[in-house]
């Protein structure tokens, strides 16, 4: 079994390589919301109000997804540090199940 890069690469490089994609994603999401609001505001004031009322729901859904991702990432990282491959596989199965549930079952409820 090959060594996990989390234990061999310097921490500063790991932080940069893991933080940049997240920062870019959040920047793109914020820009999308801003541009969306500008264009919708041209339609009508009611449309802008609707977008403004829907924004907190989008933020809640994003927060739930990020919270789950951070929590499972911590569990997987700990299992990798313990070299417990069974626990890693179990967590990955849990991630797959949650993805399936969120993308297949939950959208049907709304």
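The values are calculated or read from the model by the stated rules, or taken from the named source; none is laboratory data. Keep in mind the model is a prediction, meaning the values are calculated, not measured. No Cβ is skipped: glycine too gets one built from the backbone with ideal geometry, and neighbour counts run over all protein chains shown.
Okay, residues lined up against (1) exposed (fewer than 10 other Cβ atoms within 10 Å of the Cβ); (2) in contact with a strand residue (DSSP E or B) (Cβ under 9 Å, 6 or more places away or on another chain); (3) modelled with pLDDT under 80:
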{"position": "6", "(1), (2), (3)": "no, no, yes"}
{"position": "12", "(1), (2), (3)": "yes, no, no"}
{"position": "20", "(1), (2), (3)": "no, no, no"}
{"position": "37", "(1), (2), (3)": "no, no, no"}
{"position": "46", "(1), (2), (3)": "yes, no, no"}
{"position": "50", "(1), (2), (3)": "no, no, no"}
{"position": "53", "(1), (2), (3)": "yes, no, no"}
{"position": "63", "(1), (2), (3)": "no, no, yes"}
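For beta carbons closer than 9 Å, sequence separation of 6+ or different chains, a first residue in region 16-29 that is under 14 Å from residue 63 (Cβ atoms) and a second that is assigned to a helix (DSSP H, G or I) and modelled with pLDDT under 85, the qualifying pairs are 22/66; 29/58; 29/62.
Could you say which residue among 75, 95 is at pLDDT 85 or above, under 30 Å from residue 9 (Cβ atoms), within 19 Å of the chain's Cα centre (by Cα) and surrounded by 13 or more Cβ atoms within 10 Å (Cβ to Cβ)? Going through 75, 95 in turn, the sole match is 75.
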